[in-house]
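Notes follow once the structure below has been shown.
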Amino acid sequence: MKKGHTNNPNGRPKGATNIDKYKLWSDQFNDLIGSFKSGRSYVYYHIDDETDEVFYIGKGRNNRAWDKTKHGRNSLWMKYVSLIDSYSVRVICSNISNSEALAIESALILNRQPSCNIRCK
């Protein structure tokens, strides 16, 4: 092993993690761009930047996850966003059909129960 490289608990050299993270980010980015170009769907989280709380889970196409115009947002989301400084978007999966996105979104909402999603019954 080269000097300065130590093994992580997963057995890979330390430097490999940044490359792996970049590749994962790059693959996800390319999938997202593919979704935009093809009109396919994706599932996303809205995360409060201060608390790291996932406060909303949604599905969308094009720039829906980043749309801050409040068009089509529920009242819980609008109130929450008005009370926080900023939020981030994290795309969970992309380049999927609308029915796949709906199924994944519903399962995630039931599992995580974010504060701004209307409860599924």
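Each value in this text was obtained by applying a stated rule to the coordinates, not by laboratory testing. Not measured: the values here are computed from a predicted model. Ideal geometry is used to build each Cβ from the backbone, glycine not excepted, and the neighbour counts take in all protein chains shown.
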Practice problem: Please give the net charge around MET78, taking every other residue with its beta carbon less than 13 angstrom from that of MET78, where Lys and Arg add +1 and Asp and Glu add -1. | Solution: +3
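With a/c under 1.5 counting as rounded, go ahead and sort segment 48-121 into rounded, prolate or oblate using the C-alpha gyration tensor (a ≥ b ≥ c being the square roots of the eigenvalues; past the cut-off, prolate if a/b is larger than b/c, else oblate).
prolate
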Quiz item: Once phi is turned into θ = phi - 60°, what whole-Hz ³J(HN,Hα) does the Karplus curve with 6.51, -1.76 and 1.60 give for every residue of segment 54-66, x standing for Gly and Pro?
Solution: 7, 9, 8, 10, x, 10, x, 9, 6, 9, 3, 5, 9
Quiz item: In a shell of Cβ-Cβ distance under 11 Å around GLY60, excluding GLY60 itself, what net charge do Lys and Arg (+1) and Asp and Glu (-1) give?
Solution: +2
Exercise. Please arrange GLU105, GLU100, GLU50 by counting, for each residue, the other beta carbons lying within 10 Å of its beta carbon, fewest first.
Key: GLU50, GLU100, GLU105
Practice problem: Take THR69, THR51 and order them by how many other Cβ atoms sit within 10 Å, fewest up front. | Solution: THR69, THR51
Practice problem: Starting at the first residue of segment 99-112, write each ³J(HN,Hα) from the Karplus equation 6.51 cos²θ - 1.76 cosθ + 1.60 with θ = phi - 60°, in whole Hz, x for Gly and Pro. | Solution: 5, 5, 4, 4, 5, 5, 4, 4, 5, 5, 5, 4, 6, 8
Quiz item: Fully extended, how many nm does the chain gain between SER115 and MET78 (0.36 nm per residue separation, minus their Cα-Cα distance)?
Solution: 12.1 nm
